[in-house]
Amino acid sequence: MAKITVNGESKEVRDGITLKALIEESGVLQPDMVSVQLNEQFAEREEWDRTVIKEGDSIDFLYFMGGGAA
Amino acid sequence: MIELNEDQIVRYSRHILLQDVGVEGQEKIMNASVLVVGAGGLGAPVSLYLAAAGIGRIGLIDADVVDLSNLQRQVIHFTKDVGRPKVESAAEKIRAINPDVKVETYQDFLWSGNALEIISKYDFIVDGTDNFPVKFLINDACVMAGKPFSHGGILRFNGQTFTHVPGSACYRCLFKEPPPVGAVPTCSQAGVLGAIAGMLGTIQAAEVLKYFTGVGELLTNKLLTFDAKTMNFKTFNVKKGEKCPICGKNPTIDKLIDYEQAACDLKKH
Ligand SMILES: [Zn+2]
């Protein structure tokens, strides 16, 4: 198991889990609406399934918010 | 520098009393200029507080006219203003609050053809827009022009904001490109609790005043988000992206882009 941080909260995940699997298992309903940050840096969508989560990684899901004027 | 007259010393006394601001800080505020993009939900509280604070020159850009459905949250517009250009309605309130403020209005859309020229006239830019194409445009234009800006977004019960200064993380470091058209609703489609606009807009206004007075730490390299349902506020640390398409090591964007707007949003304009 690997200890990681997801949206500021500690979590244990199985070794070798990919970012894509983590996103799915974290219940992110609309991945299109989410920008994923791995260790405070933007993670390319195309690399989600090739990125293996390591012990100590920090992952944040940021949601697009487009409102403001109208 | 501006020398404060007697009335101004009274008007701004609660700023002057603050050790971190004082007369010197107030003078910095009065020498400052800010462009507010969008005279709506966020632009309303931002403009009202910046005007009250005595920002020397405020530019407002918005092509819309006041609609009855705006009044639930766009507190700078009154019932009598329905049908008037938003920039005209907002400018009138700003002048009424504080005749010290010089107001400049642009009843227009911000787009690739006018963004750099308009932005160049101001010290700080506030994103109070309701759509992704203009949010990315503001980001790109400010990064290119080396201007600081405050990003703001609201949706339903949520808000998010960060502050960019030259060299800190930009919107594209966090969100590389706009979401697929129609994937993410805007307020006009999804709704928003009116007071959320005030919560986020006043954070943006506070950041502007902090920027000019140099007080405290700005929301740079951080994204502040809140959920008003739980009143949980969260700050995410973010880094300037080495691969960011506009501020990274090998930028791929060298000119401003007018992204396509979701069809359902276009009807609103
Ligand atoms: Zn960037």
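The values are calculated or read from the model by the stated rules, or taken from the named source; none is laboratory data. Since the model is a prediction, treat every value here as computed from it, not as a measurement. Every residue, glycine among them, receives a Cβ derived from its backbone with ideal geometry; neighbour counts consider all protein chains shown.
To keep it simple, each residue is scored yes or no on (1) more than 23 Å from residue B:91 (Cα to Cα); (2) touching an Asp or Glu at 6+ places or on another chain (Cβ under 6 Å).
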{"residue": "B:22", "(1), (2)": "yes, no"}
{"residue": "B:32", "(1), (2)": "no, yes"}
{"residue": "B:42", "(1), (2)": "no, no"}
{"residue": "B:66", "(1), (2)": "no, yes"}
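Would you pick out the residues in the stretch B:12-28 that are among the hydroxyl-bearing types (Ser, Thr, Tyr) and surrounded by fewer than 16 Cβ atoms within 10 Å (Cβ to Cβ)?
Initially, the stretch B:12-28 is screened for residues among the hydroxyl-bearing types (Ser, Thr, Tyr), giving B:12-13.
Scanning the stretch B:12-28 gives a single hit, B:13.
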*Taking the stretch B:227-254 only, how many residues are within 16 Å of the ligand (Cβ to nearest atom) and under 22 Å from the mean Cα position of the chain (by Cα)?*
7
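Select from the stretch B:197-213 the residues that are touching a Lys or Arg at 6+ places or on another chain (Cβ under 7 Å) and of a type outside the set (Val, Ile, Thr) and list them in ascending order.
Initially, the stretch B:197-213 is screened for residues touching a Lys or Arg at 6+ places or on another chain (Cβ under 7 Å), giving B:197, B:212-213.
Answer for the stretch B:197-213, where residues must be touching a Lys or Arg at 6+ places or on another chain (Cβ under 7 Å) and of a type outside the set (Val, Ile, Thr): B:197, B:212.
List the strands (runs of 3 or more DSSP E) inside chain A, counting only whole elements, that have at least 2 residues being at the interface with chain B (Cβ under 9 Å from one of its Cβ atoms).
A:34-38, A:58-63
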*Could you list, in sequence order, the residues of the stretch B:149-171 that are within 16 Å of the ligand (Cβ to nearest atom) and buried (at least 24 other Cβ atoms within 10 Å of the Cβ)?*
B:149, B:150, B:151, B:162, B:163, B:164, B:169, B:170, B:171
_residue B:206 vs. criteria over 26 Å from residue A:39 (Cα atoms) and either at pLDDT 95 or above or within 16 Å of the ligand (Cβ to nearest atom) (or both)_ = yes
_Need pairs with beta-carbon distance below 7 Å; first residue touching a residue at least 40 places away in the same chain (Cβ under 8 Å) and under 19 Å from residue B:129 (Cα atoms) and within the stretch B:81-96, second among the charged types (D, E, K, R) and assigned to a loop (DSSP other than H, G, I, E, B); sequence gap 6+ or separate chains._
B:86/B:62; B:86/B:64; B:87/B:62
*When you scan the stretch B:215-252, how many residues do you find that are exposed (fewer than 15 other Cβ atoms within 10 Å of the Cβ), in contact (Cβ under 8 Å) with a residue 12 or more places away in the chain and on the phi > 0 side of the Ramachandran plot?*
1
*residue B:175, sole failed condition from (1) over 23 Å from residue B:217 (Cβ atoms); (2) within 12 Å of the ligand (Cβ to nearest atom); (3) aromatic (Phe, Trp, Tyr)*: (1)
*Taking only the stretch B:198-240 into account, find how many residues are in a helix (DSSP H, G or I), β-branched (Val, Ile, Thr) and more than 21 Å from residue B:169 (Cβ to Cβ).*
2
*Looking only at residues in the stretch B:131-151 that are over 14 Å from residue B:35 (Cβ atoms) and in a loop (DSSP other than H, G, I, E, B), which one is farthest from the other protein chains (Cβ to nearest Cβ)?*
B:146
*Hey, any hits in the stretch B:102-124 for a residue that's in a strand (DSSP E or B) and out of contact with any Leu (no Cβ under 8 Å at 6 or more places or on another chain)?*
yes
*Qualifying residues in the stretch B:29-65 (those that are surrounded by fewer than 20 Cβ atoms within 10 Å (Cβ to Cβ) and away from chain A (no Cβ under 11 Å)) - the one nearest to residue B:191 (Cα to Cα)*: B:65
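Here is a list: B:257, B:246, B:253. Which entry is within 15 Å of residue B:151 (Cβ to Cβ), in a loop (DSSP other than H, G, I, E, B) and of a type in the set (A, V, I, L, M, F, W, C)?
Matching residue, one of B:257, B:246, B:253: B:246.
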